[in-house]
Amino acid sequence: MKPIISVIVPVYNAKEYLRECIDSIITQRCFEQAELILVDDGSTDVSGAICSMYSERFPNVIYHRQENAGVSAARNKGIELSRGEYIFFVDSDDFLYKGILSKILQAISSDNPEMLIFDFVHEYSDFNNFIKYPFEPYKLLGSDFIKKDIAEFMLVDSAMNSVWNKVMKKEVITENGIKLAHGMKYGEDKLFVLDFLAACSNIYYIPENGYFYRYVTSGAIHRERSDYFYTLLEDYDYTVDFYKNFSLEKSYVEKRYSERLAQQITGYIGLAYQNCSKSVFIKTLHNAFNDEKIRSV
(Lines give C-alpha, C1' and ligand atoms only; values in the text may rest on other atoms or scores of the structure.)
Protein backbone atom coordinates (compact mmCIF):
# COMPACT_ATOMS: atom_id res chain seq x y z
CA MET A 1 0.00 0.00 0.00
CA LYS A 2 1.35 3.43 -0.93
CA PRO A 3 1.92 5.52 2.22
CA ILE A 4 -0.01 8.73 2.79
CA ILE A 5 2.76 10.36 4.84
CA SER A 6 6.52 10.04 4.51
CA VAL A 7 8.21 10.80 7.84
CA ILE A 8 11.80 11.89 7.15
CA VAL A 9 14.42 11.75 9.91
CA PRO A 10 17.95 13.03 9.16
CA VAL A 11 20.42 11.15 11.37
CA TYR A 12 23.95 12.12 12.37
CA ASN A 13 25.66 10.65 15.45
CA ALA A 14 22.30 10.55 17.22
CA LYS A 15 22.65 7.38 19.31
CA GLU A 16 21.59 9.05 22.59
CA TYR A 17 18.02 9.85 21.54
CA LEU A 18 17.54 7.99 18.24
CA ARG A 19 15.64 4.98 19.58
CA GLU A 20 13.21 7.24 21.49
CA CYS A 21 12.63 9.26 18.33
CA ILE A 22 11.99 6.22 16.12
CA ASP A 23 9.82 4.48 18.71
CA SER A 24 7.64 7.59 19.04
CA ILE A 25 6.94 7.34 15.30
CA ILE A 26 6.48 3.63 14.71
CA THR A 27 4.19 3.23 17.76
CA GLN A 28 1.79 5.88 16.47
CA ARG A 29 -1.68 4.57 15.73
CA CYS A 30 -2.13 4.37 11.93
CA PHE A 31 1.64 4.09 11.32
CA GLU A 32 0.81 1.46 8.71
CA GLN A 33 -0.44 4.37 6.55
CA ALA A 34 2.97 6.03 6.71
CA GLU A 35 6.59 5.28 5.90
CA LEU A 36 9.64 6.25 7.94
CA ILE A 37 12.75 7.28 6.00
CA LEU A 38 15.95 7.33 8.05
CA VAL A 39 18.70 9.22 6.22
CA ASP A 40 22.06 8.54 7.88
CA ASP A 41 24.29 11.49 7.00
CA GLY A 42 27.61 9.71 7.49
CA SER A 43 27.33 8.90 11.21
CA THR A 44 30.49 7.62 12.91
CA ASP A 45 28.72 6.17 15.96
CA VAL A 46 26.21 3.30 16.13
CA SER A 47 23.35 5.35 14.65
CA GLY A 48 23.60 3.53 11.34
CA ALA A 49 23.30 0.14 13.02
CA ILE A 50 20.22 1.32 14.94
CA CYS A 51 18.59 2.54 11.74
CA SER A 52 19.43 -0.69 9.93
CA MET A 53 17.91 -2.77 12.73
CA TYR A 54 14.58 -0.94 12.49
CA SER A 55 14.51 -1.18 8.68
CA GLU A 56 15.00 -4.95 8.89
CA ARG A 57 12.13 -5.30 11.36
CA PHE A 58 9.57 -3.01 9.74
CA PRO A 59 8.76 -3.07 6.00
CA ASN A 60 7.71 0.61 6.00
CA VAL A 61 10.99 1.80 7.57
CA ILE A 62 13.57 2.73 4.92
CA TYR A 63 17.24 3.21 5.74
CA HIS A 64 19.57 5.20 3.49
CA ARG A 65 23.21 6.05 4.22
CA GLN A 66 25.16 8.81 2.49
CA GLU A 67 28.42 10.69 2.95
CA ASN A 68 28.19 13.55 5.40
CA ALA A 69 26.67 16.58 3.64
CA GLY A 70 24.61 18.28 6.34
CA VAL A 71 21.03 18.17 7.58
CA SER A 72 19.57 20.00 4.57
CA ALA A 73 21.10 17.50 2.14
CA ALA A 74 19.75 14.64 4.27
CA ARG A 75 16.25 16.10 4.27
CA ASN A 76 16.37 16.71 0.52
CA LYS A 77 17.43 13.08 -0.02
CA GLY A 78 14.50 12.01 2.13
CA ILE A 79 12.12 13.95 -0.10
CA GLU A 80 13.69 12.31 -3.14
CA LEU A 81 13.22 8.83 -1.66
CA SER A 82 9.70 9.44 -0.37
CA ARG A 83 6.57 7.79 -1.80
CA GLY A 84 3.99 9.53 0.37
CA GLU A 85 1.56 12.24 -0.60
CA TYR A 86 2.74 14.33 2.37
CA ILE A 87 6.15 15.06 3.89
CA PHE A 88 6.71 15.20 7.65
CA PHE A 89 10.20 16.10 8.98
CA VAL A 90 11.29 14.91 12.44
CA ASP A 91 14.71 15.55 14.00
CA SER A 92 16.55 12.54 15.42
CA ASP A 93 16.85 13.94 18.95
CA ASP A 94 13.16 14.87 19.22
CA PHE A 95 9.98 12.82 19.52
CA LEU A 96 6.28 12.82 18.60
CA TYR A 97 3.49 12.85 21.14
CA LYS A 98 1.13 9.91 21.12
CA GLY A 99 -1.86 10.23 18.78
CA ILE A 100 -0.65 13.11 16.58
CA LEU A 101 -0.28 10.98 13.45
CA SER A 102 -3.90 9.78 13.52
CA LYS A 103 -5.12 13.37 13.97
CA ILE A 104 -3.03 14.48 10.99
CA LEU A 105 -4.41 11.64 8.86
CA GLN A 106 -7.97 12.49 9.91
CA ALA A 107 -7.48 16.13 8.81
CA ILE A 108 -5.97 14.98 5.51
CA SER A 109 -8.88 12.65 4.76
CA SER A 110 -11.54 15.26 5.57
CA ASP A 111 -10.03 18.52 4.28
CA ASN A 112 -7.04 17.64 2.04
CA PRO A 113 -4.92 20.62 3.18
CA GLU A 114 -1.60 21.52 1.56
CA MET A 115 0.01 22.23 4.95
CA LEU A 116 -0.90 21.15 8.47
CA ILE A 117 0.62 22.74 11.57
CA PHE A 118 0.29 21.83 15.24
CA ASP A 119 1.55 23.02 18.61
CA PHE A 120 4.82 21.83 20.12
CA VAL A 121 6.88 21.82 23.28
CA HIS A 122 10.29 23.52 23.17
CA GLU A 123 12.70 22.24 25.79
CA TYR A 124 15.20 24.67 27.29
CA SER A 125 17.95 23.93 29.77
CA ASP A 126 15.76 24.60 32.81
CA PHE A 127 12.13 24.69 31.59
CA ASN A 128 9.75 23.64 28.82
CA ASN A 129 7.97 26.24 26.69
CA PHE A 130 4.54 25.21 25.39
CA ILE A 131 4.02 26.86 21.99
CA LYS A 132 0.40 27.57 21.06
CA TYR A 133 -0.55 29.33 17.83
CA PRO A 134 -3.19 32.12 17.71
CA PHE A 135 -4.91 30.67 14.64
CA GLU A 136 -8.45 29.38 14.13
CA PRO A 137 -8.38 25.62 14.80
CA TYR A 138 -9.74 22.66 12.85
CA LYS A 139 -10.45 24.71 9.76
CA LEU A 140 -9.01 25.09 6.28
CA LEU A 141 -7.48 28.58 6.13
CA GLY A 142 -7.00 30.02 2.64
CA SER A 143 -4.24 31.80 0.74
CA ASP A 144 -5.32 35.28 1.91
CA PHE A 145 -4.81 34.17 5.50
CA ILE A 146 -1.37 32.74 4.61
CA LYS A 147 -0.13 35.81 2.72
CA LYS A 148 -1.22 38.23 5.44
CA ASP A 149 -1.75 36.65 8.88
CA ILE A 150 0.80 33.81 8.73
CA ALA A 151 3.39 36.01 7.01
CA GLU A 152 2.97 38.75 9.61
CA PHE A 153 3.13 36.26 12.47
CA MET A 154 6.46 34.92 11.16
CA LEU A 155 7.89 38.44 11.07
CA VAL A 156 7.64 38.86 14.82
CA ASP A 157 7.66 35.30 16.16
CA SER A 158 10.04 32.46 15.27
CA ALA A 159 7.61 29.73 16.38
CA MET A 160 6.53 29.06 12.77
CA ASN A 161 10.05 28.90 11.31
CA SER A 162 10.89 25.23 11.74
CA VAL A 163 9.98 22.43 9.35
CA TRP A 164 9.41 19.77 12.00
CA ASN A 165 5.96 20.68 13.40
CA LYS A 166 4.39 20.79 9.97
CA VAL A 167 3.15 18.32 7.40
CA MET A 168 3.45 19.50 3.79
CA LYS A 169 2.00 18.21 0.56
CA LYS A 170 4.79 16.76 -1.53
CA GLU A 171 3.21 17.94 -4.79
CA VAL A 172 3.65 21.59 -3.75
CA ILE A 173 7.32 20.91 -2.97
CA THR A 174 8.16 19.10 -6.19
CA GLU A 175 6.11 21.23 -8.60
CA ASN A 176 7.71 24.43 -7.27
CA GLY A 177 11.25 23.07 -6.97
CA ILE A 178 11.39 23.79 -3.22
CA LYS A 179 14.53 22.49 -1.51
CA LEU A 180 16.40 23.09 1.70
CA ALA A 181 19.48 25.23 1.11
CA HIS A 182 22.86 23.60 1.75
CA GLY A 183 25.64 25.13 3.80
CA MET A 184 23.64 27.76 5.68
CA LYS A 185 24.61 28.42 9.31
CA TYR A 186 21.16 29.63 10.27
CA GLY A 187 17.65 29.88 8.85
CA GLU A 188 17.44 27.11 6.23
CA ASP A 189 14.20 25.86 7.82
CA LYS A 190 12.59 29.28 7.61
CA LEU A 191 13.51 29.72 3.96
CA PHE A 192 11.94 26.36 3.13
CA VAL A 193 8.77 27.22 5.05
CA LEU A 194 8.49 30.65 3.40
CA ASP A 195 9.03 29.13 -0.04
CA PHE A 196 6.31 26.58 0.66
CA LEU A 197 3.86 29.14 2.02
CA ALA A 198 4.36 31.36 -1.03
CA ALA A 199 3.17 28.45 -3.21
CA CYS A 200 0.58 27.08 -0.77
CA SER A 201 -3.16 27.69 -1.19
CA ASN A 202 -4.40 26.58 2.25
CA ILE A 203 -3.32 25.55 5.73
CA TYR A 204 -4.90 23.57 8.56
CA TYR A 205 -4.17 24.09 12.27
CA ILE A 206 -4.43 21.33 14.90
CA PRO A 207 -4.32 23.04 18.34
CA GLU A 208 -2.61 20.17 20.17
CA ASN A 209 0.95 19.42 21.21
CA GLY A 210 2.30 16.97 18.67
CA TYR A 211 6.06 17.45 18.84
CA PHE A 212 8.76 17.72 21.50
CA TYR A 213 11.78 19.76 20.44
CA ARG A 214 14.80 18.88 22.54
CA TYR A 215 17.35 21.57 23.36
CA VAL A 216 20.84 20.43 22.33
CA THR A 217 24.03 22.48 22.10
CA SER A 218 25.86 20.57 19.37
CA GLY A 219 24.69 22.73 16.47
CA ALA A 220 26.81 25.32 14.66
CA ILE A 221 24.89 28.15 16.30
CA HIS A 222 26.28 27.09 19.70
CA ARG A 223 29.93 26.63 18.72
CA GLU A 224 32.72 29.11 19.28
CA ARG A 225 32.44 31.63 16.45
CA SER A 226 32.95 35.34 15.86
CA ASP A 227 30.42 35.69 13.04
CA TYR A 228 27.17 35.47 15.03
CA PHE A 229 26.03 38.92 13.93
CA TYR A 230 26.91 38.47 10.27
CA THR A 231 24.70 35.39 10.36
CA LEU A 232 21.84 37.52 11.71
CA LEU A 233 22.37 40.17 9.03
CA GLU A 234 22.29 37.55 6.28
CA ASP A 235 19.03 36.26 7.75
CA TYR A 236 17.64 39.82 7.81
CA ASP A 237 18.52 40.45 4.15
CA TYR A 238 17.11 37.27 2.69
CA THR A 239 14.00 37.40 4.90
CA VAL A 240 13.13 40.91 3.75
CA ASP A 241 13.72 39.82 0.15
CA PHE A 242 11.52 36.73 0.52
CA TYR A 243 8.60 38.81 1.76
CA LYS A 244 8.08 40.18 -1.74
CA ASN A 245 5.97 37.01 -2.20
CA PHE A 246 3.47 38.15 0.43
CA SER A 247 0.93 40.94 0.85
CA LEU A 248 2.98 43.19 3.14
CA GLU A 249 4.70 46.45 2.22
CA LYS A 250 8.49 46.25 2.16
CA SER A 251 8.83 49.25 4.49
CA TYR A 252 6.54 47.54 7.02
CA VAL A 253 8.51 44.29 6.75
CA GLU A 254 11.79 46.14 7.28
CA LYS A 255 10.45 47.98 10.34
CA ARG A 256 8.97 44.92 12.03
CA TYR A 257 11.95 42.69 11.26
CA SER A 258 14.39 45.35 12.47
CA GLU A 259 12.62 45.23 15.83
CA ARG A 260 13.11 41.47 15.94
CA LEU A 261 16.73 41.84 14.79
CA ALA A 262 17.43 44.10 17.77
CA GLN A 263 16.09 41.41 20.10
CA GLN A 264 18.19 38.76 18.37
CA ILE A 265 21.35 40.85 18.66
CA THR A 266 20.83 41.13 22.41
CA GLY A 267 20.33 37.38 22.64
CA TYR A 268 23.40 36.66 20.54
CA ILE A 269 25.60 38.70 22.85
CA GLY A 270 24.63 36.28 25.61
CA LEU A 271 25.09 33.29 23.31
CA ALA A 272 28.58 34.43 22.32
CA TYR A 273 29.47 35.04 25.96
CA GLN A 274 28.37 31.51 26.93
CA ASN A 275 30.01 29.65 24.02
CA CYS A 276 33.13 31.65 23.15
CA SER A 277 36.52 32.22 24.70
CA LYS A 278 37.22 35.74 25.94
CA SER A 279 39.21 36.67 22.82
CA VAL A 280 36.50 35.42 20.43
CA PHE A 281 33.79 37.11 22.50
CA ILE A 282 35.63 40.45 22.28
CA LYS A 283 36.07 39.96 18.52
CA THR A 284 32.36 39.17 18.23
CA LEU A 285 31.40 42.41 19.99
CA HIS A 286 33.91 44.34 17.87
CA ASN A 287 32.35 42.96 14.68
CA ALA A 288 28.90 43.90 15.92
CA PHE A 289 29.52 47.44 17.05
CA ASN A 290 31.60 48.33 14.00
CA ASP A 291 28.97 47.17 11.53
CA GLU A 292 26.96 50.06 10.12
CA LYS A 293 23.77 48.04 9.68
CA ILE A 294 23.81 46.74 13.25
CA ARG A 295 24.46 50.23 14.64
CA SER A 296 21.41 51.49 12.74
CA VAL A 297 19.05 48.98 14.41
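The values are calculated or read from the model by the stated rules, or taken from the named source; none is laboratory data. Source: prediction; values computed, not measured. With ideal geometry, Cβ positions are generated from the backbone for all residues, glycine too; neighbour counts draw on all protein chains shown. All accessible areas refer to the heavy atoms of the entire protein, side chains included, with ligands and DNA or RNA removed. Shrake-Rupley method; radii C 1.70, N 1.55, O 1.52, S 1.80 Å.
Quick one: check the C-alpha center-to-center distance for the stretch 236-257 versus the stretch 37-68, whole angstrom.
The two parts, judged by their Cα centres, are 40 Å apart.
If you compute volume of the Cα convex hull per residue in Å³ for the structure shown, which of (i) 128; (ii) 156; (iii) 180 do you land on?
Given (i) 128; (ii) 156; (iii) 180, the calculated one carries the label (i).
With an 8 Å Cα cut-off and a minimum separation of 6 or more residues, compute the relative contact order for the stretch 78-195 in percent.
Relative CO of the stretch 78-195 lands at 34 percent.
Can you give me the % of accessible surface on the chain that is carbon or sulfur? Probe 1.4 Å, all protein chains present, nothing else counted.
Result for the chain: 49 percent of the exposed heavy-atom area is carbon or sulfur.
Between helix 278-289 and the chain, what is the angle of the helix's C-alpha long axis to the longest principal axis, kept within 0 to 90° and rounded to the nearest 10?
Approximately 70 degrees, to the nearest ten.
Please identify which residues in the stretch 100-144 have an amide N closer than 17 Å to a label point set 7 Å out from the Cα of Thr266, following the Cα→Cβ vector.
Those under the cut-off are none; the list is empty.
List the pairs from Lys77/Lys170; Lys190/Lys250; Lys2/Lys190; Lys132/Lys244 whose alpha-carbon separation is above 24 Å, in the order I gave them.
Beyond 24 Å: Lys2/Lys190; Lys132/Lys244.
Mind ranking 189-195, 256-262 by how tightly packed they are, going by the mean number of other C-beta atoms within 10 angstrom, highest first?
Highest-to-lowest ranking by the protection proxy: 189-195, 256-262.
At 0.36 nm per residue, and after removing the present C-alpha to C-alpha distance, how many nm does the segment from Glu16 to Asp237 gain when stretched out fully?
Length gained between Glu16 and Asp237: 75.9 nm.
Net charge near Val11: determine it from the other residues with C-beta under 15 Å of the C-beta of Val11, scoring Lys and Arg +1 and Asp and Glu -1.
Counting the neighbours of Val11, the net charge comes to -4.
Could you give the length gained on full extension between Gln274 and Ala159, defined as 0.36 nm per residue of separation minus the Cα-Cα distance, in nm?
39.1 nm
Can you give the relative contact order of the chain as a percent, counting alpha carbon pairs under 8 Å and 6+ residues apart?
19
Measure off 7 Å from each Cα along the Cα-to-Cβ vector at Asn176 and Thr44, then give the distance between these two points in nanometres to one decimal.
3.9
Taking only protein heavy atoms into account and a 1.4 Å probe, give the accessible area per residue of the chain in Å².
Accessible area per residue: 47 Å².
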